[in-house]
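The values are calculated or read from the model by the stated rules, or taken from the named source; none is laboratory data. Values in this document were obtained by computation on a predicted structure and should not be read as measured data. No Cβ is skipped: glycine too gets one built from the backbone with ideal geometry, and neighbour counts run over all protein chains shown. Each accessible area value is taken on the protein alone, full model and side chains, heavy atoms only, with ligands, DNA and RNA left out. Shrake-Rupley method; radii C 1.70, N 1.55, O 1.52, S 1.80 Å.
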Amino acid sequence: MRNPAVAQIQPLEDALAPFLGQEFAGTVVSTLVFFAVIAIVLVLNRAVFTPIVERVLDNRGLDPHARQPLNKIVSIVVLFGGIAVAFGFAGYGSFLQSLATIAAAATLAIGFALQDVIRNFVSGVFIYTDKPFRIGDWVEWNGNNGVVEDISFRVTRVRTFDNELLTVPNYELTNNVVKNPVAKDTLRLKFVFGIDYDDDIDRATEIILEEAETHPDILADPAPSVRLNELADSYVGLQSRVWIGDPSRADFVTTRAEYVQSVKERFDEADISIPFPQRTVSGRDAWEEPVSFVGDH
């Protein structure tokens with residue numbers, strides 16, 4: 001069966017054949033049709049497809065930095081589709097089949113070579129869709145922590161609290177447990193106050209609760225609580241649990257420092273001590289002066 005696209009351009013080939021020859025006329029017309037179709041596809045992409053994609057991304061509420069790579073991906077897909085259509089209209093059917101075979105083999109080879117890139121790209125898509133964290137969030141993973149500065153489809157950039165910039169492959173963040181302390185509106189703060197065994201536990205508990213209730217950044221609901229949770233070698237451990245609102249790393253550190261300092265000052269006023277670890281060293285035999293220390297007599 002004759003290709004309909006070839007039949008449509010045949011009259012133009014016949015018109016040019018007396019001047020260029022039948023074979024050369026066919027080549028010229030096919031080339032012109034090929035590039036004309038590509039030009040039309042590029043115009044349609046800019047005038048139709050790109051605005052549609054932008055509208056869809058706006059409706060999805062994606063961040064601005066996510067739109068550029070998505071637009072590029074859509075443009076590349078449209079371009080390859082346009083090339084396939086242009087081959088068909090230009091009558092390059094057999095060449096298109098060969099190109100498809102070569103492209104399939106190249107895609108397989110590139111896929112093996114770019115496994116990490118593809119894996120990180122897919123992980124980046126999951127980060128955008130699942131939204132385990134956002135730009136500006138404080139996150140912790142695998143012993144690392146910091147504030148998210150940028151999220152791309154391949155890597156996420158995190159600024160540590162030592163002002164170091166970590167470029168983290170997205171796969172590492174989706175394949176491991178990521179702690180996001182500021183994902184919710186409140187954050188629980190825990191701290192263990194160690195007091196001496198001879199001190200008054202009830203009085204120490206009252207002080208810890210009073211200082212929590214008077215601190216402006218500690219919430220009244222949920223209410224602060226204190227529990228005796230440890231009988232250590234040298235102290236009795238009273239664990240305080242308080243909540244802060246609209247948490248950030250700076251708020252967390254500041255509130256904890258102010259709260260612990262105020263409790264320590266109240267302990268000093270009430271003669272409640274925070275003991276230091278004690279160790280008893282004993283030996284079976286009496287100590288003897290080393291021979292090297294003994295003088296000649």
* Determine if the range 185-193 includes at least one residue that is modelled with pLDDT of 90 or more, of a type in the set (Ser, Thr, Tyr) and either closer than 20 Å to Ser240 by Cα or touching a helix residue (DSSP H, G or I) at 6+ places or on another chain (Cβ under 8 Å) (or both). => no
* Asked: Would you say Val281 is more than 30 Å from Asn163 (Cα to Cα) and at pLDDT below 85?
  -> yes
* Return the residue satisfying two criteria in turn: it lies in the range 149-174 and is more than 11 Å from the chain's Cα centre (by Cα) and part of a loop (DSSP other than H, G, I, E, B), and of such residues it is farthest from Leu70 (Cα to Cα). => Asp162
* Mind checking which pairs have a first residue in the range 181-199 that is acidic (Asp, Glu) and a second that is assigned to a strand (DSSP E or B), Cβ under 9 Å, 6 or more apart or different chains? -> Asp185/Gly245; Asp196/Val236; Asp199/Val236
* Taking the range 49-68, which residues are farther than 18 Å from Asp130 by Cα and either at pLDDT below 70 or surrounded by fewer than 12 Cβ atoms within 10 Å (Cβ to Cβ) (or both)? -> Pro51, Ile52, Arg55, Gln68
* Do we have any residue at all in the range 128-148 that's hydroxyl-bearing (Ser, Thr, Tyr), open to solvent by less than 70 Å² (accessible area, probe 1.4 Å) and under 17 Å from the mean Cα position of the chain (by Cα)? -> yes
* To do: Determine, yes or no, whether Val155 is closer than 15 Å to Asp137 by Cα and open to solvent by less than 80 Å² (accessible area, probe 1.4 Å).
  => no
* Has the range 74-94 got any residue that is modelled with pLDDT of 80 or more, more than 26 Å from Ile127 (Cβ to Cβ) and in a helix (DSSP H, G or I)? -> no
* Do we find a residue being within 30 Å of Ile127 (Cβ to Cβ), modelled with pLDDT under 90, outside any helix (DSSP H, G or I) and open to solvent by 90 Å² or more (accessible area, probe 1.4 Å) anywhere in the range 269-276? -> no
* Matching residues, the range 185-228, being hydrophobic (A, V, I, L, M, F, W, C), in a strand (DSSP E or B) and open to solvent by less than 50 Å² (accessible area, probe 1.4 Å) -> Leu187, Leu189, Phe193, Ile195, Ile218, Val226
* To do: Scan the range 107-116 and give yes if some residue there is surrounded by 12 or more Cβ atoms within 10 Å (Cβ to Cβ) and in contact (Cβ under 8 Å) with a residue 24 or more places away in the chain, otherwise no.
  => no
* Test result for Arg46, open to solvent by 50 Å² or more (accessible area, probe 1.4 Å), at pLDDT 75 or above, of a type outside the set (Ser, Thr, Tyr) and under 30 Å from Val125 (Cβ atoms) -> yes
* To do: Please go through the range 30-43 and pick out each residue that is under 15 Å from Phe80 (Cα atoms), open to solvent by 60 Å² or more (accessible area, probe 1.4 Å) and not aromatic (Phe, Trp, Tyr).
  => Ile40, Leu42, Val43
* Counting only residues that are among the charged types (D, E, K, R) and closer than 20 Å to Asn142 by Cβ, which one in the range 162-184 is surrounded by the most Cβ atoms within 10 Å (Cβ to Cβ)? -> Glu172
* **Those residues of the range 229-267 which are farther than 13 Å from Pro216 by Cα, in a helix (DSSP H, G or I) and in contact with a helix residue (DSSP H, G or I) (Cβ under 6 Å, 6 or more places away or on another chain), in sequence order** => Val263, Arg266
* Structure fact -> Filter the range 233-251 for residues that are open to solvent by less than 20 Å² (accessible area, probe 1.4 Å) and of a type in the set (A, V, I, L, M, F, W, C); the one that is farthest from Val139 (Cα to Cα) is Val236
